[in-house]
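I have placed the structure first, in the form of C-alpha cells, so that the comments after it can refer back to it.
The values are calculated or read from the model by the stated rules, or taken from the named source; none is laboratory data. As the structure is a prediction and not an experimental result, all values here were calculated from the model. Positions of Cβ are generated from backbone atoms using ideal geometry, with glycine treated the same way; all protein chains shown enter the neighbour counts. Ligands, DNA and RNA are stripped out before the accessible areas are found, and what is left, the full protein with its side chains, is counted by its heavy atoms. Shrake-Rupley method; radii C 1.70, N 1.55, O 1.52, S 1.80 Å.
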Amino acid sequence: QDYAPGTSVSLTATPAAGSTFIGWSGVCVGQGICVTTMDAAKNLTANFSAVTFGLTVFKLGTGSGTVVSSLPGIACGTDSSEPYPLNTTVVLTASASAGSTFNGWTGPCSGLGTCSVTLEAAKNVTANFSLNPISLTVVRTGTGSGTVTSSPTGITCGADCSEPYTLGTTVVLT
C-alpha cells in the first residue's frame, strides 16, 4: 500500500484457525502491534506457523515390533514422537518382530488393524506386543514307567507331556 510521507501505520497480525502468529521481522520485531512512520519504502514480514500437536507412540509388553506412520515422522524404534498440524490424520501400522505377536492398540485406537488418529490435541497411542510361547516337550523312553512334572505348572507327563512357555522362562522338571 502507498502512504503519504509522515503517515503513522499500525498493523495487527491475526492468525487463521489452525495457525499461530510467531512475530514480525523487518521494520518491526516481536509479537505486538507493529507501528511504523512512513519516511521511506519499507518491508515487513508477518511470520505465521501452523498449530501442531504431538503424536507419541509407546510400545508395551514382553514382545517387540515396529510402528510406522503413513506420514513422515514416526518409525518406532528410532522416532516415536512427532508434531503434526491441527486436524491431520495419521495412520499407524504395527508389525511384530520374529518371535512376537502384535496384540492390539490402546489409547485412541483399539483392535489389531491399523490405527487412524486425527490430531485436534496431543495424543498418545500404545502398541502392545507379546513374545510367542515356545513349546517344551518331554519324551519318556525306556522299559520303566514314571511321571514328569514341571514348575511352573503345565507338564504332567504321563497325560500332558508338552506345554508352551514364554521365552526366557526357567522350567524345572521333576
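A few comments on the model shown:
- Column: log10 I(q)/I(0), Debye, Cα scatterers of region 64-131, q = 0.29 Å⁻¹: -1.44
- Hydrodynamic radius (Kirkwood) for the chain, which is based on Cα pairs only, to one decimal in Å: 21.7
- Accessible area (Å², per residue) of the chain, counting only protein heavy atoms and a probe of 1.4 Å: 59
- Take every Cα pair under 8 Å whose residues are at least 6 apart in sequence, average their separation, divide by the length of the chain, and the relative contact order is 17 percent.
- Values of log10 I(q)/I(0) for region 44-90 across q = 0.29, 0.31, 0.33 Å⁻¹ run -1.09, -1.17, -1.25, by the Debye formula with one identical scatterer at each alpha carbon and no solvent.
- A Gaussian network model of the chain, with springs between Cα atoms under 10 Å, assigns the largest mean-square fluctuation among Ala98, Ala41, Ala16 to Ala41.
- Scattering profile of region 4-72 at q = 0.12, 0.17 Å⁻¹ [log10 I(q)/I(0), Debye over alpha-carbon scatterers]: -0.53, -0.74
- Computed magnitude of the charge dipole of region 34-174 (debye, nearest 20; Cβ of K, R +1, Cβ of D, E -1): 100
- Here the extension length gained between Asn132 and Thr93 equals 12.1 nm, from 0.36 nm per residue of separation less the Cα-Cα distance.
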